[in-house]
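Q: Next up is a structure, given as structure tokens.
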Amino acid sequence: MKKLAIITGGSKGLGKALVESYLAEGYYVVSISRSNSALVHERLTHFTFDLAQHYAVRITIEALFRNLFSPQTSQYEFITLIHNAATLGEIKPLRLQAANDESLVETISINLTSPMLINARFLRHTAAFSCPKNIFHISSGAATKPYYAWTAYCSTKAGIEMMVKTLALENAKDKNLKIVSVNPGVIDADMQAKIRKASVKDFPIVARFLELKKNHELANPTILAKKLLLIEKENAFQSGETIRLQS
Ligand SMILES: NC(=O)c1ccc[n+]([C@@H]2O[C@H](COP(=O)([O-])OP(=O)(O)OC[C@H]3O[C@@H](n4cnc5c(N)ncnc54)[C@H](OP(=O)(O)O)[C@@H]3O)[C@@H](O)[C@H]2O)c1
């Protein structure tokens, strides 16, 4: 019997730390991102996919899931799906963003459309499995607090939180399945580096984020990944809730 973790955005930051932590726990890990990390492991499969291409999910991710969840491979002891990949998009007020809307559409695809399409497929493929199944969605404080110049990011993270609540309701009869949001708090990863590079004109509160880094107030991704694994093991959370990794 195998434990399986499917992690989006496993090449960097929190996602990479999650890949490492689940491998250390004996899981078979499928990491989905555009680039690969240097990590090589016999239980790690890297699946190259651009989540901005939400229209390709139905073919590419469908094929991946058919392969992972075929009758021959359905003997899993535990299955975890972690939607971790996300982007801030352009850090600018909406009216000032690039007129071709490319970055805006990509941000919505990566942060919300693709996770929803992946969930639809995951739920169909694993419906008959009686092992524990957890779907974790890495959310953000920005899901509930508006930030100037982060319209697409805040809106998609809020959408993720509502998707979690709705899916928890729809799937309440499946006692083996839990679907939750995870608020990780601020993390020392590339996303923060991008925020710190924003101009005061586009992002008036950039100084607050420069201070967080200067004062060593950004959390270590490995510590957060291990915390999430521990929470999963303790299994005291409810489907539909938002788990906070830093309080
Ligand atoms: N950093 C923070 O302070 C913070 C705070 C609250 C919430 N969060 C949330 O925590 C999660 C992880 O954040 P992080 O800071 O670790 O981010 P990060 O360092 O920027 O890493 C993002 C990951 O997502 C992947 N990704 C981005 N665009 C993608 C695409 N189009 N297709 C496939 N994969 C894509 C990246 O891989 P490739 O580039 O290889 O594709 C990378 O592995 C995100 O959901 C974020 O919203 C972060």
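Read-outs: derived from the displayed coordinates by stated rules, not from any lab. This is a predicted model, so every value here is computed, not measured. As a convention, Cβ positions derive from the backbone with ideal geometry for all residues, glycine included, and neighbour counts pool all protein chains shown.
Q: Less than 15 Å apart at the alpha-carbon level, and either on another chain or at least 8 residues along: which aspartates and glutamates does that give for LYS233?
A: In chain and number order, the partners are GLU25, GLU77.
Q: A further question on this structure: Taking trypsin sites (Lys or Arg not before Pro) as candidate sites, keep only those in a DSSP loop with at most 14 other Cβ atoms within 10 Å, then name the longest stretch of the chain containing none of them. Don't jump to the answer; show the numbers that get you there.
A: Details: sites that count: ARG34, LYS173, LYS175, LYS197, LYS201.
That gives 35-172 as the longest site-free run.
Q: So how do HIS41, HIS216, HIS125, HIS54 line up by other beta-carbon neighbours within 10 Å, fewest first?
A: Working: HIS41 12, HIS216 9, HIS125 18, HIS54 21.
Ranking HIS41, HIS216, HIS125, HIS54 by Cβ neighbours within 10 Å, fewest first, gives HIS216, HIS41, HIS125, HIS54.
Q: Would you tally the net charge around LEU18, using a Cβ to Cβ cut-off of less than 12 Å, leaving LEU18 out, and scoring K and R as +1, D and E as -1? Write out the running numbers ahead of the final one.
A: Working: positive: LYS12, LYS16, LYS226, LYS227; negative: GLU20, GLU25, GLU232.
Net charge in that neighbourhood comes out at +1.
Q: Roughly how many whole Å is it from the C-alpha centroid of region 1-67 to that of region 91-106?
A: The two parts, judged by their Cα centres, are 29 Å apart.
Q: Taking the number of other C-beta atoms within 10 Å as the exposure measure, put HIS46, HIS137 in order starting with the fewest. Write down the numbers at each step before the final one.
A: Values: HIS46 18, HIS137 23.
Exposure proxy ranking, most exposed first: HIS46, HIS137.
Q: Once a ≥ b ≥ c are taken as the square roots of the eigenvalues of the Cα gyration tensor of region 152-239, is the result rounded (a/c under 1.5), prolate (a/b larger than b/c) or oblate (a/b not larger than b/c)? Before the final figure, lay out each step's value.
A: Values: a/c = 4.34, a/b = 1.75, b/c = 2.49.
Judged from the Cα gyration tensor, region 152-239 comes out oblate (a/c at least 1.5, b/c at or above a/b).
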